[in-house]
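Worksheet: one structure, shown below.
The values are calculated or read from the model by the stated rules, or taken from the named source; none is laboratory data. From a predicted model like this one, the values you see are computed outputs, not experimental measurements. Reconstructed Cβ throughout: ideal geometry from the backbone, glycine too, with neighbour counts over all protein chains shown. All accessible areas refer to the heavy atoms of the entire protein, side chains included, with ligands and DNA or RNA removed. Shrake-Rupley method; radii C 1.70, N 1.55, O 1.52, S 1.80 Å.
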Amino acid sequence: MPSVSQKGLNMPESPIRKLVPFAERAKKRGARVLHLNIGQPDIKTPQLALDAVKNNTIEVLAYSRTEGSETYREKLAAYYAKNDIDVTADDIIVTTGGSEALSFVLGSIADADNEIIIPEPFYANYNGFATSSGVKVIPVVSRIDDNFALPPIDEFEKLISSKTKAILICNPGNPTGYLYSKEEIQKLAAIVKKHNLFLVADEVYREFTYDGVAHYSILQEPGLEEHAIIVDSVSKRYSMCGARIGCLVSKNREVIATAMKFAQARLSPPTYAQIAAEAALETTPDYFDEVKAEYVTRRNLLIDELEKIDGVKVARPKGAFYCIAALPIEDAEDFAQWLLEDFRLDNETVMVAPAAGFYATKGLGKNQIRIAYVLEKESLKRAVNILKEALKSYIG
């Protein structure tokens, strides 16, 4: 029988989606599953984005430009200007989600066996993109005791070698919800300039920052123009995960020219989704004011309820809509599967994401889970109560 590729065998499973079959079986047996496992917001998509597609009169659904439509990229540049990020339409390539943007970045800046340094825990698909590109992820550990702040810069220094091409961060972070400060970004800027590396920032959660703290983009940092690459997306910003529209942003002309060749190989981003994304840029600030207020309320409720559970330690997120909690157990994956297969409270259970899959270092995060607070408040409170009762039963 023909064999599949070693690369394919090495591709990691999603820690977020691998338990889906157990959840589906639980639902078929009549249980209600409260999903804390995936970052699918329940916030309504802006109506003007939906209407832009619904009311469109396109008669031939043609290819768009490889780099994305000119009008959308120009409006994106204006959006970035409002966020104190000085770029032009020519600095932007529209992609099929932030995922494709990251894939283009890795293909453009790294060869097989090159290395990318990433603070862990990190968005699990970074491992997948790196594996598919033949790039090695070198983790630098951030810790729950430090609220997952940027590790000391000398820890990065120790890991830099002749194979290192970039440092990659997610800001605000998935799965931690940590928001890097301006000072932390400046420390990273100094080290990438010192060692002539790229600094790649996944900034898809830019709007979701809390407690009066502002987001500081790597493209706001002076002198980083040739080093900085932003990965972005409309998925979470406008609750448009199904649109699959993202972008790659850089003032480095060689990076853009190289990424364009990868973009040409996939022809073009989807036309209707760009129409929706372009319309979404007209969303008024009060939309984000309301969304942020809702997420802050959910975050506070979640953290308060989790801290009432004996033995649970939780990091307090400053952005996005995730948090990491350490549970008084040894194997969170076993616990997560047991929740779906064996535990019910009033015929309800919860689905969580085991956090070990967000680490590259084996053995780390085994007692941790990632929680996405994308449920309305009553469901969220009920889910944490289920978690509390489940822990009592599981630990015995």
*Look through Asn174, Asn125 and report the one residue that is touching a residue at least 60 places away in the same chain (Cβ under 8 Å) and in contact with a helix residue (DSSP H, G or I) (Cβ under 7 Å, 6 or more places away or on another chain).*
Asn125
*Only residues in segment 234-261 that are under 16 Å from Ala110 (Cβ atoms) count as the first member; pair them with residues that are assigned to a helix (DSSP H, G or I) and open to solvent by 20 Å² or more (accessible area, probe 1.4 Å), Cβ under 6 angstrom, at least 6 apart or cross-chain, and list the lot.*
Val255/Ser108; Thr258/Ser108; Ala259/Ser108
*asked:* Conditions first: (1) touching a Phe, Trp or Tyr at 6+ places or on another chain (Cβ under 7 Å); (2) over 21 Å from Gln337 (Cβ atoms). Gly39 passes all but one, so which condition is the exception?
replied: (2)
_Condition check: buried (at least 18 other Cβ atoms within 10 Å of the Cβ), more than 19 Å from the chain's Cα centre (by Cα) and in contact (Cβ under 8 Å) with a residue 24 or more places away in the chain. Does Leu188 satisfy that?_
yes
_Condition broken by Gly128, with the remaining ones in (1) more than 17 Å from Glu278 (Cα to Cα); (2) in contact with a Leu (Cβ under 9 Å, 6 or more places away or on another chain); (3) open to solvent by less than 30 Å² (accessible area, probe 1.4 Å) satisfied_ = (2)
*asked:* Looking for something within 25 Å of Asn10 (Cβ to Cβ), of a type in the set (A, V, I, L, M) and either touching a His at 6+ places or on another chain (Cβ under 7 Å) or open to solvent by 10 Å² or more (accessible area, probe 1.4 Å) (or both) - is there at least one such residue anywhere in segment 153-162?
replied: yes
*Meets criteria (crowded, with 21+ Cβ neighbours inside 10 Å and modelled with pLDDT of 95 or more) for Val141*: no
_Members of segment 1-22 found to be in a loop (DSSP other than H, G, I, E, B), touching a residue at least 40 places away in the same chain (Cβ under 8 Å) and either among the small types (Gly, Ala, Ser) or open to solvent by 100 Å² or more (accessible area, probe 1.4 Å) (or both), listed by number_ = Glu13, Ser14
_When residues of segment 58-93 are limited to those that are among the polar types (S, T, N, Q) and more than 16 Å from Gln274 (Cβ to Cβ), the one most open to solvent (accessible area, probe 1.4 Å)_ = Thr88
*Note down all Cβ pairs under 8 Å where the first residue falls in segment 73-100 and is closer than 13 Å to Ile245 by Cα and in a helix (DSSP H, G or I), the second is open to solvent by 30 Å² or more (accessible area, probe 1.4 Å) and of a type in the set (S, T, N, Q), and they're at least six residues apart or on different chains.*
Ser99/Asn125
*Would you please name the residue that is farthest from Ala124 (Cα to Cα), looking only at residues in segment 355-367 that are open to solvent by 10 Å² or more (accessible area, probe 1.4 Å) and not in a loop (DSSP other than H, G, I, E, B)?*
Ala356
*Given (1) open to solvent by less than 30 Å² (accessible area, probe 1.4 Å); (2) of a type outside the set (Phe, Trp, Tyr); (3) in a helix (DSSP H, G or I); (4) closer than 23 Å to Tyr80 by Cβ, where does Ser103 come up short, assuming only one miss?*
(1)
*Kindly indicate which of Glu294, Glu278 is crowded, with 19+ Cβ neighbours inside 10 Å and of a type in the set (Asp, Glu).*
Glu278
*Could you check Phe122 against (1) farther than 25 Å from Glu278 by Cβ; (2) surrounded by fewer than 18 Cβ atoms within 10 Å (Cβ to Cβ) and say which number it fails?*
(2)
*Taking segment 238-255, which residues are crowded, with 22+ Cβ neighbours inside 10 Å and touching an Asp or Glu at 6+ places or on another chain (Cβ under 7 Å)?*
Gly246, Cys247, Val249, Ser250
*asked:* I need a count of the residues in segment 271-305 that are under 21 Å from the mean Cα position of the chain (by Cα) and not in a helix (DSSP H, G or I).
replied: 1
_Selection within segment 368-396 - open to solvent by less than 50 Å² (accessible area, probe 1.4 Å) and under 26 Å from Met240 (Cβ atoms)_ = Arg370, Ile371, Ala372, Tyr373, Val374, Leu375, Ser379, Leu380, Ala383
